[in-house]
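Following: one structure in structure tokens, then a few remarks.
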Amino acid sequence: MTERPNGLTYAQAGVDIDAGNALVDAIKPLAKATRRAGAEASLGGFGALFDLKAAGYDDPLLVTTTDGVGTKLKIAIETGLHDTVGIDLVAMCVNDLLAQGAEPLMFLDYLATSKLDVEVATRVIAGIAEGCKLAGAALVGGETAEMPGMYAGADYDLAGFSVGAVDRNRVLPRMDDQGAGDLLIGLASSGPHSNGYSLIRKIVERSGLAWDAPAPFAEGQTLAEALMVPTRIYARSLTPLIKAGQVKGLAHITGGGLTENPPRAIAKGLAARFDWDAWSLPPVFAWLAETGGVAQEEMRRTFNCGLGMVLIVGAEEAPIVLDALLASGEDAFICGELAAA
């Protein structure tokens, strides 16, 4: 093709194809490390294949979820703490899969930015790969979009998409099996996870503290480090219990907190009755409530308040399930029961 005088290039428009290629080369080993039965986790094609038969399913249904990290990313961008937001991204998707009874199988990511910083993007995607390993899911692909004019400065955004599978007879919630007297088991969260960060950032602003100030609620950490603790991924502890049919319902406590999420997993005519004295409000939430003057009900409908997951189990199964969760390393405890609405 004949060169044209004063011709423009894509790079002059702000998009660096070479940087994109460098990022793909950098993340190939990260994706390879997430291989699992059914997926080869190779990058570079136009799509990814998954062999459900190789994964051991007899009568599988596919389950899909998608999510982002939200304004928690603003803290990462402002402080340079990029290494764990990828874990958050995976967690928000795969924990939703678990709530449907599905085992996480595959994950894809989307990173959009004004100008691609290969070093930052590699750190973000390394976190995604770590999240996939924690979830037992293969990182099978993704997309990086350089969009000058759409984002400002060092801003970037993340979205994730996950695919899971569940045999037809293990789909959750099993609402027909639920009844008054079933117990609620709470799994401790690692902090606010990835919800309520618009309010959190407002509270931090009100506090007058800088991101690098010592966290008032976490000894040895800066405020930013304490608030950037990644979302806990519950796949390894919950998948065996789901496959064994020992769970009747699961609520992932995300936006909407403990007020709006549990009803999504509970049969009509029943309601969650929490024993609010069964656990202590973790220090981060106590600080947020006090510093922001946030009312108790607002805390419960915005944050997880220390519970990342809530299981519904039969009273007779509860001791067995609780022992299994504790043995798998979870901080688990009875936190209420189902009662007539």
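The values are calculated or read from the model by the stated rules, or taken from the named source; none is laboratory data. Not measured: the values here are computed from a predicted model. Ideal geometry is used to build each Cβ from the backbone, glycine not excepted, and the neighbour counts take in all protein chains shown. These accessible areas exclude ligands, DNA and RNA; they are computed on the full protein's heavy atoms, side chains included. Shrake-Rupley method; radii C 1.70, N 1.55, O 1.52, S 1.80 Å.
Worth a mention:
- Qualifying positions in the range 298-328 - surrounded by fewer than 21 Cβ atoms within 10 Å (Cβ to Cβ), of a type outside the set (D, E, K, R) and in contact with a helix residue (DSSP H, G or I) (Cβ under 7 Å, 6 or more places away or on another chain): VAL321, ALA324, SER328
- Qualifying position, being assigned to a helix (DSSP H, G or I), over 20 Å from CYS93 (Cα atoms) and not small (Gly, Ala, Ser), among GLU219, GLU225: GLU225
- Failed condition for THR259, given (1) within 21 Å of LEU338 (Cβ to Cβ); (2) assigned to a helix (DSSP H, G or I); (3) open to solvent by less than 20 Å² (accessible area, probe 1.4 Å): (3)
- Residues in the range 214-227 include none that are out of contact with any helix residue (DSSP H, G or I) (no Cβ under 6 Å at 6 or more places or on another chain), over 25 Å from LEU111 (Cα atoms), among the hydrophobic types (A, V, I, L, M, F, W, C) and surrounded by fewer than 22 Cβ atoms within 10 Å (Cβ to Cβ).
- Counted residues, the range 319-341 - those being closer than 10 Å to PHE274 by Cα and under 25 Å from the mean Cα position of the chain (by Cα): 3
- In summary, strands (runs of 3 or more DSSP E) completely within the range 113-203 and bearing 1 or more residues that are more than 22 Å from the chain's Cα centre (by Cα) and buried (at least 20 other Cβ atoms within 10 Å of the Cβ) occur at 138-146, 183-188.
- Residues being under 17 Å from the mean Cα position of the chain (by Cα) and open to solvent by 10 Å² or more (accessible area, probe 1.4 Å) - total across the range 61-72: 8
- Note on the range 100-112: residues that are part of a loop (DSSP other than H, G, I, E, B) and either surrounded by fewer than 22 Cβ atoms within 10 Å (Cβ to Cβ) or β-branched (Val, Ile, Thr) (or both) total 1.
- Each residue in the range 243-283 was checked for being within 19 Å of the chain's Cα centre (by Cα) and of a type in the set (A, V, I, L, M), and 5 of them qualify.
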